Each structure stands twice: as C-alpha cells, then as structure tokens.
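Mind looking over this structure? Questions follow.
FYI, it's all coordinate maths here, none of it is from the lab. Just so we're clear, the structure is a prediction, and the values are computed from it rather than from any experiment. Neighbour counts are summed over all protein chains in view; Cβ atoms, including those assigned to glycine, are modelled from backbone coordinates with ideal geometry.
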Amino acid sequence: MQVVVSAPAEVSERWRDGLAQAAPELDFVLWPEVADGDAEAIEAAVVWNAPPELYARCRHLKCICVLGAGTDQLFAPGIELPEVPIVRIVDPVMALRMASYVLAAILHFQRDFHDYVRQQRERVWRKHRSRDSHRVRVGVMGLGAMGRASAKLLVTNGYDVAGWSRSPRRLPGVEGFAGEDGWPPFLARCDYLACLLPLTAETRGLLGVETFARLPEGAVVINAGRGAHLVEADLLAALDAGRLRGAVLDVFETEPLPPEHPFWDHPRILLTPHVASITNLETGVVQIAAALRTVRDGGVPVNLVDRARGY
Ligand code: NAP
Ligand code: GLV
C-alpha cells in the first residue's frame with residue numbers, strides 16, 4: 001500500500017520515518033515528492049494541513065489519517081475530499097497534555113502569576129489573596145477526549161467542575177450540561193471557561209459577546225480549541241471593559257499570530273503558540289499504522305470522524 005505523508009516541513013521527515021518504522025511493509029512517500037503518474041497509485045494520505053491539490057491529484061485514496069485530534073482543516077473551503085474514512089488521533093498522552101495546559105492556564109490567573117510576573121519586572125513586593133480551588137468554578141466546553149481528561153484532572157485538583165457537550169455526558173464529580181438548554185446555566189457558573197471544542201458550523205464564534213455577557217463578572221476565558229471559536233474583537237472589548245479578568249489563548253484565527261496583533265501586548269492575555277497538546281509522535285505512528293493496516297485489509301478503522309457532525 002502506498003501512503004503519502006503531508007506534514008509541516010519541520011516535522012514531515014520525522015513522521016515519514018516514524019511511520020516507516022511502525023509499518024515497514026507499507027510504502028511512505030513525502031508530499032510533494034510525488035510525480036503525477038505516481039499519485040494515481042497512492043491509497044492513503046497522512047496529513048496535517050495538506051494542500052487541496054493533494055486530494056485533487058491522489059484520486060484513489062481509501063483513507064485519510066489526520067495527524068492530530070482536530071479535523072476542521074479537512075472541511076475548509078477549496079478542499080474536495082473523497083468519500084473515504086477519515087481517522088483522527090485519540091491519544092491519552094495528548095489528552096493529558098491538554099489537561100495540564102488547562103490546569104496551568106487556570107493557576108496563572110487564580111494564583112495571580114500574571115500580576116507577579118509584572119511586579120517582579122517592576123521590583124514590587126505586593127501580596128494578592130487568591131481563591132482556593134474548591135471555590136473556583138471551572139467550565140469545560142467539550143467533553144471529548146480532551147475535555148474529559150481536563151475535567152478529570154481539575155476534579156482531582158479540587159476545583160468545582162462543570163462540562164458542556166452536545167449530548168449529555170456523565171463524568172464523576174462533574175456537573176453535566178448539554179445542548180442549547182444547558183448553555184446559559186453552564187455559563188452562569190464558570191469563573192474559568194475552557195474551550196476544548198472541535199470547530200464546526202455550530203461552534204464557530206461561540207466565544208463572543210453574548211457568551212461573555214452570560215459569564216460571572218471577572219471570568220477568565222481559555223481557548224485551546226481553535227482560533228475561530230473566538231471573536232477576537234469581542235474578547236478585547238470584554239477585557240478592556242473589565243467584564244473579563246483575563247484570557248489564555250493557544251489558538252488563533254491566523255497562525256502564526258501576526259506581529260502587529262493587539263493580543264501580543266495585552267496585559268491580561270497570556271498566549272502560547274498552539275502547543276497545548278502537540279501530537280505525540282511515538283504513540284501517533286502506532287495508531288496510524290494500525291489504521292492503515294485495517295484499511296489495507298478491508299476493515300473499518302477506529303477513531304473515525306463523523307462527517308455529518310463535522311468532528
Ligand atoms: P472529541 O473527542 O471529538 O470531543 C468533542 C467534544 O465537543 C464532544 O464532547 C462533543 O459533544 C462536543 N461538541 C461538539 N460540538 C458541540 C456543540 N455544537 N455543542 C456542544 N458540544 C459540542 O474532540 P477532542 O479530541 O476532545 O478534541 C477537541 C478539539 O480540541 C479538537 O477538535 C481541536 O480543535 C482541539 N485541540 C487543540 C489542540 C491544541 O494543541 N490546541 C490539541 C488537540 C485538540 P458530544 O460528546 O455530545 O459528541
Ligand atoms: C491540534 O491542534 C490538534 O487538533 O491535534
């Protein structure tokens with residue numbers, strides 16, 4: 001089976017080599033090193049932000065494996081996807097990475113590190129009183145692989161945790177809310193709101209002025225889902241009006257974040273360059289190799305994306 005690998009330049013060879021080691025019987029070729037005639041023979045694609053022409057030229061794909069958890073990139077305008085199974089990564093290692101990011105983001109504001117960093121620069125010795133974790137209400141948007149692991153770690157750390165999902169989900173120690181009816185009461189109890197949703201038509205722009213207005217005064221917003229979940233101008237307005245206390249952002253409408261973007265200098269925004277939960281190569285290649293073998297043998301792989309739902 002011939003498999004094309006299209007990943008960001010700085011990691012593409014590592015993924016190709018890792019996959020070749022995990023499945024030596026398969027033939028991996030890097031995009032765009034695929035001659036026109038050879039594209040016809042390619043039966044699977046392993047991708048992260050692959051260009052639309054890959055799908056146009058590799059016309060006999062039987063499967064697409066995404067090198068991450070989120071698959072919104074496949075449904076972007078200009079991409080014509082073949083009707084084949086789409087497999088994503090569902091990995092406890094990644095989920096724990098996300099959970100630790102969410103915990104760190106909360107602690108940054110809860111324990112006033114955002115102020116202490118500034119105070120240290122100014123040589124100011126001033127103590128702040130922080131709220132203990134059991135008095136901090138956290139809401140996790142999305143209770144999938146990422147959201148469940150994050151909610152679990154937060155419960156373990158003594159927070160008052162709620163979760164919001166499309167369908168009702170039960171998790172130990174987590175107050176569950178679902179769908180449109182659950183949205184207002186969920187938001188009303190979020191001192192910290194962490195967005196770990198997939199980007200779909202329903203979730204695009206969800207972190208905007210109407211959502212912020214439903215949060216308790218002085219809430220902190222964490223976005224590690226996708227940049228387009230957030231209405232950037234609404235966030236700036238809510239921070240500058242004091243409606244929100246702060247934001248921790250890992251994902252952006254445009255990545256890398258342009259140098260002139262107002263988020264860089266904002267005193268109440270902590271930003272990171274899309275690193276909340278980087279895909280783990282060691283476990284990732286094993287999962288993808290298993291999916292490719294299943295497809296080669298005529299089976300149905302696990303961790304499939306539901307195209308109708310968009311995630
Ligand atoms: P997942 O397992 O598919 O879970 C998605 C969750 O979101 C599910 O609980 C789902 O509800 C919920 N959801 C989807 N649409 C909804 C809607 N309209 N209203 C309410 N809830 C909705 O996804 P995952 O593996 O946890 O990953 C989630 C996202 O995290 C990815 O899509 C990606 O965008 C982002 N991510 C970011 C990074 C990073 O480094 N920043 C890394 C990995 C992932 P149901 O349970 O009812 O289906
Ligand atoms: C990263 O953003 C992912 O979706 O895996």
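When averaged across all projection directions, what area in nm² does the alpha-carbon convex hull of the chain cover? Could you put the intermediate results ahead of the total?
On the way: hull surface 69.4 nm².
So the mean shadow area of the Cα hull is 17.3 nm².
Another question, then. Add -39500 (n - 2.57) for each DSSP H run of 4 or more in the chain, then divide by its residues: what number comes out at 222 nm, to the nearest 500 deg cm²/dmol? Walk me through the numbers before you get to the answer.
Working: 10 runs with 106 residues, N = 311.
After summing the helix terms and dividing by residue count, I get -10000 deg cm²/dmol.
Grab the other residues whose beta carbon is less than 12 angstrom from that of residue 297, score K and R as +1, D and E as -1, and report the net.
Details: positive: 62, 293, 296; negative: 25.
Every neighbour counted, the sum reads +2.
What FRET efficiency, computed as 1/(1 + (r/R0)^6) with R0 = 30 Å and r the Cβ-Cβ distance, is obtained for residue 53 and residue 253, rounded to the nearest 0.05? Kindly include the intermediate steps, with their values, before the conclusion.
Numbers: r = 24 Å, r/R0 = 0.80.
The computed FRET efficiency comes out at 0.80.
Residue 293 versus residue 122, label points 7 Å from Cα toward the beta carbon: distance in nm?
6.0
Hey, fewest Cβ within 10 Å first, where do 91, 160, 27 land in order? Present the calculation step by step, with values, prior to reporting the outcome.
Numbers: 91 21, 160 18, 27 14.
Ordered by Cβ neighbours within 10 Å, fewest first: 27, 160, 91.
Quick check on the chain: of the DSSP beta bridges with both residues there, what percent are antiparallel, nearest 5%?
Details: 2 of 44 bridges.
If we restrict to bridges inside the chain, about 5 percent are antiparallel.
Right, next: What list do you get for 11, 285 if you sort them by fewest beta carbons within 10 Å?
On the way: 11 15, 285 23.
Result, fewest neighbours first: 11, 285.
Under a plain spin-label model, where a point goes 7 Å from the Cα along Cα-to-Cβ, how far apart in nm are residue 202 and residue 300?
In this crude label model, residue 202 to residue 300 measures out at 2.1 nm.
Taking only Cα atoms and a 10 Å spring cutoff, compute GNM fluctuations for the chain and point out the largest among 101, 55, 116.
Checking each option, the largest mean-square fluctuation is seen for 116.
Fewest to most neighbouring Cβ within 10 Å: what's the order for 175, 33?
Values: 175 17, 33 11.
Going from sparsest to densest Cβ surroundings: 33, 175.
Okay, moving on. Express in nm, to one decimal, how much length is gained between residue 27 and residue 155 on full extension, taking 0.36 nm for each residue of separation and deducting their alpha carbon distance. Display every interim value, and only then the final one.
Working: separation 128, 0.36 × 128 = 46.08 nm, distance 4.47 nm.
The residue 27-residue 155 span can extend by a further 41.6 nm.
Sticking with the crude label model, points 7 Å out along Cα→Cβ, report the distance from residue 167 to residue 129 in nm, one decimal please.
4.6
If packing is taken as the average number of other Cβ atoms within 10 Å across a peptide's residues, how do 161-169, 148-156, 293-301 rank, most packed first?
Final packing ranking: 148-156, 161-169, 293-301.
With only Lys, Arg, Asp and Glu charged, each at its Cβ (+1 for the first two, -1 for the last two), find how big the charge dipole of the chain is about the Cα centre; round to the nearest 20 debye. Don't skip to the answer; put the middle values down first.
On the way: 33 positive and 38 negative charges, 331 e Å.
Dipole about the Cα centre, nearest 20: 1600 debye.
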